[in-house]
1. Binned at 10 Å from 0, what are the whole-percent values of the Cα-Cα distance distribution for region 13-148, short to long?
2. Grab the Cα-Cα distance for Trp90 and Phe128, subtract it from 0.36 nm times how many residues apart they are, and report the gain in nm with one decimal.
3. Counting other C-beta atoms within 10 Å, and keeping those with at most 14, which DSSP coil trypsin sites (Lys or Arg not before Pro) do you find in region 92-151?
4. Given R₀ = 22 Å, FRET efficiency for Leu49-Ala21 by Cβ-Cβ distance, to 0.05?
5. Can you work out the Karplus-derived ³J(HN,Hα) for every residue in region 52-60? Use 6.51 cos²θ - 1.76 cosθ + 1.60 with θ = phi - 60°, whole Hz, and x for glycine or proline.
6. Per the helix-only calculation at 222 nm, which mean residue ellipticity applies to the chain, given -39500 (n - 2.57) for every DSSP H run of n ≥ 4 and division by its residues, nearest 500 deg cm²/dmol?
7. With θ set to phi - 60° and the Karplus curve 6.51 cos²θ - 1.76 cosθ + 1.60, what are the ³J(HN,Hα) couplings of region 118-131 in order, to the nearest whole Hz, using x for Gly and Pro?
8. Convert each backbone phi in region 73-78 into a coupling constant with the Karplus relation 6.51 cos²θ - 1.76 cosθ + 1.60 (shift: θ = phi - 60°), then list the ³J(HN,Hα) values in order as whole Hz, x for Gly and Pro.
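Please treat every number below as a calculation from the coordinates, not as lab data. Given the structure is predicted, the values throughout are model-derived calculations rather than measurements. A quick note on method: Cβ atoms are made from the backbone with ideal geometry, for glycine too, and the neighbour counts reach across all protein chains shown.
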Amino acid sequence: MDAGRNAGKGRLLGLSLPWIAGLALLGVPRVVAHDLGPPPQAVNLVLVLAPIAAWIAVALWKRVPNPLVTLLAVGLVYGVLLGAVHQVLWTQAFADGAPALGGNLAGTLSPAAEDLLLRGAAMVSSLFTGVLVGLISGLVALGLSRALHRN
């Protein structure tokens, strides 16, 4: 009965939405640490690699049908969280002065429009980063899954 009840859950993504969100949340401490001031190098390395290793380990442990799709979804949610944290901690991250457009664009927009543009670019960059991390970890998990479950 348990297998039948869970058969449709997360079929497309391989994991339920709470699992996907939970895995994505593992990357948030690194984002906070980065925005509030760089942590020591060893701590930063753990904060970068441990969530990705957990993503891959869960995809293998749960034997998701397509680790690439699953971890792309995790990466997308991570990208949204990354962007949201950057927005919330914007003033702390740029305590010495917010970024500004330079060169020919310097001073061409109102301060509010320039802030909106830069924050929007940060959000797009965060989404791209999350999806890229999901893609790379998904490819690694896919390769490991095929190697481990070859019958």
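1. Once binned at 10 Å, the Cα pair distances of region 13-148 give 13, 36, 28, 16, 6, 1.
2. Extra length from Trp90 to Phe128 when fully extended: 11.8 nm.
3. Working: sites: Arg119, Arg146, Arg150; in loops: Arg150.
Answer in residue order: Arg150.
4. After rounding, the FRET efficiency stands at 0.60.
5. Per residue, the Karplus-derived 3J(HN,Hα) values read 5, 4, 5, 4, 5, 4, 5, 4, 6 Hz.
6. -23500 deg cm²/dmol
7. 5, 5, x, 5, 5, 5, 4, 4, 5, 4, 4, 4, x, 5
8. Each residue's phi maps through the Karplus curve to give 5, 4, x, 5, 5, 4 Hz.
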